[in-house]
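Everything on this sheet refers to the single structure shown next.
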Amino acid sequence: MRKNIVAGNWKMNTTVAEGVQLAREVESAVKAAGELKCEVIVGVPFTHLTSVKQEINIVKLSAENCADHKSGAYTGEVSAAMVASTGAEYVILGHSERRGYYNETIEVLKEKVDLALANGLKVIFCCGESLDERKNGVHFDVIKKEIEGSLFHLGAEAFAKIVIAYEPIWAIGTGETATAEQAQEIHAFIRGLLAEKYGNQLAQDTTILYGGSCKPSNAAELFAKPDIDGGLIGGASLKAADFMGIVTAF
Ligand code: PGA
């Protein structure tokens with residue numbers, strides 16, 4: 001049985017003090033909510049990992065990135081081992097903002113995935129097409145290439161540590177959500193790819209999240225789809241009440 005997940009992606013927002021406060025609010029809301037139908041994760045900036053870790057227990061911790069090298073002379077970079085040493089359980093890799101603004105290629109992401117797994121981190125691996133790619137009808141090809149190129153060298157045991165997040169670039173931070181049908185179509189396609197490569201059981205066991213302007217008002221409809229196992233939440237993860245509105249949408 002695969003796990004449902006709602007993961008926040010704070011991006012480059014909040015000071016450490018603000019982040020600690022937000023994490024505290026999320027943890028206490030999750031505690032108060034009692035039994036939930038999903039795992040709750042907060043994805044926070046590197047600078048916040050250690051402090052946020054002190055505030056959470058039920059809520060799990062994720063970084064938003066890690067380096068594509070093991071260690072050494074890479075000024076300003078943060079390695080997967082460093083992330084793991086903070087107590088983080090997850091790392092988000094392949095976000096379209098990293099691919100777009102920081103030129104993270106399929107090959108670079110492959111290195112990052114390997115280093116994250118080698119250091120015991122689980123990976124929330126993002127993929128998704130731009131508006132042009134969707135208009136040109138190549139969205140399936142783009143997603144296939146991203147997943148195959150950075151993940152399909154993994155054996156089944158390693159792949160079991162991967163969560164996929166489908167995030168259409170045109171829906172991120174734009175207020176424009178993919179319809180539940182559009183998202184379901186891609187999620188089913190991704191699960192099909194996984195089944196072809198790793199067999200049906202592993203495909204059925206893999207959590208596939210939707211991301212892109214997910215909010216309390218549309219989460220329930222998205223999460224009701226058979227292949228949508230939760231969300232990766234940007235803007236709406238910055239307010240505990242909004243985030244909880246999504247967490248409780250299952
Ligand atoms: P958004 O971002 O929820 O603000 O659209 C999602 C993401 O980029 O992970």
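The values are calculated or read from the model by the stated rules, or taken from the named source; none is laboratory data. These numbers were taken from a predicted model, which means no experiment stands behind them. Here the Cβ is made from the backbone with ideal geometry for all residues, glycine too, and neighbour counts use every protein chain on show. Areas reflect the complete protein model, heavy atoms only, side chains present, ligands, DNA and RNA absent. Shrake-Rupley method; radii C 1.70, N 1.55, O 1.52, S 1.80 Å.
Things worth noting here:
- Contact map, segment 207-222: residues that are under 11 Å from residue 247 (Cα atoms) and in contact (Cβ under 8 Å) with a residue 24 or more places away in the chain paired with residues that are away from the ligand (no atom under 11 Å from the Cβ) and in a helix (DSSP H, G or I), Cβ distance under 6 Å, separation 6+ or inter-chain. Pairs shown: 216/245.
- Top-ranked residue in segment 232-250 [being more than 12 Å from the ligand (Cβ to nearest atom) and small (Gly, Ala, Ser); ranked as most open to solvent (accessible area, probe 1.4 Å)]: 241
- Matching residues in segment 197-228 - criterion: being in contact with a Lys or Arg (Cβ under 7 Å, 6 or more places away or on another chain) and either within 13 Å of the ligand (Cβ to nearest atom) or in a helix (DSSP H, G or I) (or both): 203, 204, 205
- Within segment 155-174, residues that are open to solvent by 40 Å² or more (accessible area, probe 1.4 Å) reach partners that are of a type in the set (S, T, N, Q) and within 16 Å of the ligand (Cβ to nearest atom) with beta carbons closer than 9 Å, at six or more positions or on different chains, in the pairs 169/96; 169/130; 173/213; 174/213.
- Looking only at segment 190-231, and only at residues there that are of a type in the set (Asp, Glu) and under 22 Å from residue 150 (Cβ atoms), the one that is surrounded by the most Cβ atoms within 10 Å (Cβ to Cβ): 229
- Pair list, Cβ under 6 Å, 6 or more apart: segment 51-77 residue under 22 Å from residue 94 (Cα atoms) and among the acidic types (Asp, Glu), other residue outside any loop (DSSP other than H, G, I, E, B) and open to solvent by less than 80 Å² (accessible area, probe 1.4 Å): 64/43; 64/92; 68/108; 68/112
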